[in-house]
1. Tell me which trypsin sites (Lys or Arg not before Pro) from region 231-287 have a DSSP coil assignment and no more than 15 other beta carbons within 10 Å of their own.
2. Need one word for region 84-170: rounded, prolate or oblate. Basis is the Cα gyration tensor (sqrt eigenvalues a ≥ b ≥ c); a/c below 1.5 gives rounded, then a/b vs b/c decides.
3. Any idea what the relative contact order of region 183-324 is, in percent, if you count C-alpha pairs under 8 Å spaced at least 6 apart?
Amino acid sequence: MTINETLAQYSDWAFQSSFAVLLLALILLIVQYASTRAHAVQEKELVSAGVGARSAETGVPGRVAQQPKKPMSERFGGMGAAVLVVGTVLIIAAIVLRGFSARRFPLGNMYEFVAMACAAALVVGLVLLSKPAHRPMWVFLLVPVLILMFLAGTVLYADSAPVVPALQSYWLPIHVTIVSVGSGVFLVSGVASLLFLLRMRYPRAEERTGIIAKVAERLPDAQMLDRLAYKTTIIGFPLFGAGVILGAIWAEAAWGRFWGWDPKETVSFIAWVIYAAYLHARATSGWRETKAAWINVAGFVAMLFNLFVINIVVSGLHSYAGLN
């Protein structure tokens, strides 16, 4: 099969551009995050100024009060949100161009899988974190996304090429797409639970001393983070479960058995059980707060273990990382 080298190059450029743009978005959102406290102080000053202006306006008919400027945190947050959209569009373009360049579905190796998972995490974030009050969450979501993209573009990178014969099946776009999208959704869920635990560690303002506490006080409230973790797990859990089931059906067609306790199958099942335990704990009195969040974090760790250790270190029937 002939590879379109031009489209492959455009795909690589789009991926690299996405990384650079998302890094810029992270910088802008860090500035917004760091200036949140100053924003709160400015709002009080603007309210007082607004009251004075209205009083003066009452005394002088026809006078128009000057509109206050947006605080720095809001301006940088707005720019960061706009740049985020550009970065997301670029990584999606990189995935699409990779597929056209190889004339196949672009999920044949670890590089493409991680790119798809990162794109899914970004899209879910754009949908669920669209409110300005939720923007601080992006600082902590973009960090793992950028780390994964860096690893994908360096250590895990593979040239655009046809997939191995075992992956030349119509099950590839079905099974692997569902699993990769579910992994991206779980990334958002795991980060939300980690931030929830951090927020619960410093629940009151008078207890917030030190750098970590200062970081925690700028986060959204704990209830919002807990709801986000639960909402994203509700989305990712059936997706990932369907991916495991469809993978078993593909295994029966390819290898003549539904389940063989291959390392990838086993760890995927363990991760799915952990997320089932989280959902159960989330609905159980006495477990629904920090204990449930720790279970969610354990599921996130299992997903990372499954992605890197099982695919790269452990040898099995699912060893299609595409690494040399």
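Derivation of every value follows stated rules applied to the coordinates shown; laboratory data play no part. Keep in mind it's a predicted model, so treat the numbers as computed, not measured. When we count neighbours, we look across all protein chains shown, and the Cβ atoms used for this are built from the backbone with ideal geometry, even at glycine.
1. Passing both the DSSP loop test and the Cβ count: 257.
2. prolate
3. Taking the mean separation of contacting Cα pairs over the length of region 183-324, I get 27 percent.
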